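Notes for the one structure printed next.
Derivation of every value follows stated rules applied to the coordinates shown; laboratory data play no part. Bear in mind the structure is a predicted one, so any value in this text is a computation, not a measurement. Every residue, glycine among them, receives a Cβ derived from its backbone with ideal geometry; neighbour counts consider all protein chains shown.
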Amino acid sequence: MKVVRKLLGVLAGVALVLWFLWTALTLVFSNLASAGLRQGLAGGYVLLLALVLLRLRPRRRAVLAALGCSLVVALAYFSERPSNEREWQPDVAVTPSATIEGDRVTVRGVRNFRYRSESDFDQRWEERSYDLSKLRTLDLVMSYWGPVDYCHTLVSFGFEGGEQLAVSVETRKEVGESFSTYAGFFKRFELIYVFADERDVIGVRTNFRGEHVYLYRLRARPDRLRELLLSYIEHANRLAEEPEFYGVIANSCGVNILHRVAETGAGNVFVGRDALLNGFWDRHLYERGALDTHVPFEQLREASLIDARAQAAGDSPDFSRAIRVGLPEAPPWR
């Protein structure tokens, strides 16, 4: 029994340390605008915990007092609510929305910026209409900025005549903020669905951010293409009324794609580790026959890298066609 009590004591101690660490990190990565204020609050909180645990006696009272302090911090964290009303960076300043009338979808807030550099651009927000009866294709875009295990994933819907509508689920950063994977585990960023021209949302990555971008033509059931686009639109409209926080685990770009696909009745495409490590989605989709399997995967992947084509296309109005020249075709749906 003595060994069991010691073991339980050790486990309780580890749990307390982890709890105190988590509450401290909620302050470090909180939604406060000033980094100095966030760090100051976190430092003061850790110092308070240390003083309480080291100076207050008996030990049980010290632990209870420290827990009380941590609960205040936790309550503040859980009471934080997302908002659409902040000082947003220009590329996520407009909250998109759409209306549906029969086969006609009208999207307000389609981003079509003209870039001279990543930070120097002309802002252009447009209203565009799309005919759902002419929806023909679905492409997956995978953009790598460093790691190979994960990347930024977005989808692009193709219509008869060559028109494309790209949808990218992104962190909605405020002025002065930059993306942090660690901050994405906490309530630091809101989430936004960016509806955009491919020349914008793909071109800025290939031509100005130096990311490596792959574009894959997907095999998709025609009826599910419509349902998928409508799912994106309905969720974007919901976000306009009920904003959400971005979350690396539960509400990221990849997770949102999986949620939207699941709403079409396709079920869980990827689960667990495969869902989170979206940098390997192309290989998994190839193994499932959703990509062109007439060539080995590595050859397909090399052919799907569009960096050079996007850079050559530049700001051309023919950008979407140019980046697809020579791309492997999507397998036909049977």
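For this structure, a couple of remarks:
- Simple point charges give the picture: +1 on the Cβ of Lys and Arg, -1 on the Cβ of Asp and Glu, and for the range 2-79 a dipole about the Cα centre of about 560 debye.
- Residues R238 and A266, FRET efficiency given R0 of 22 Å [Cβ-Cβ distance, rounded to 0.05]: 0.60
- Projected-area mean, the range 90-322, by convex hull of Cα positions, square nanometres: 12.2 nm²
- Exposure rule at most 11 other beta-carbon atoms within 10 Å, DSSP loop GluC sites (Glu not before Pro): the chain longest free segment: 161-334
- The chain, relative contact order [Cα under 8 Å, separation at least 6], %: 17 percent
- For the range 10-122, with +1 on Lys and Arg beta carbons and -1 on Asp and Glu, the positive-most of N31, F20, S83 along the dipole: F20
- Cβ crowding within 10 Å, taken as a proxy for footprinting-reagent exposure, orders L291, L132, L71 from fewest neighbours to most as L71, L132, L291.
- Listed residues S97, S119, V175: farthest to the positive end of the dipole of the range 90-322 (Cβ charges): S97
- Of the trypsin sites (Lys or Arg not before Pro) found in the range 189-250, those that fall in a DSSP loop while having at most 16 other beta-carbon atoms within 10 Å are R209.
- Fewest-first sequence of T264, T99 by Cβ atoms within 10 Å of each Cβ: T99, T264
- Cβ-placed point charges (K, R +1; D, E -1), dipole of the chain about Cα centre in debye, nearest 20: 2100 debye
- Here the relative contact order of the range 2-79, from alpha carbon pairs under 8 Å that lie six or more residues apart, stands at 26 percent.
- Short-range pairs are left out: with C-alpha atoms under 8 Å and at least six residues apart, the relative contact order of the range 129-271 is 28 percent.
- At most 15 other Cβ within 10 Å, DSSP loop - chymotrypsin sites (Phe, Trp or Tyr not before Pro), the range 110-200: W145, F179, Y182
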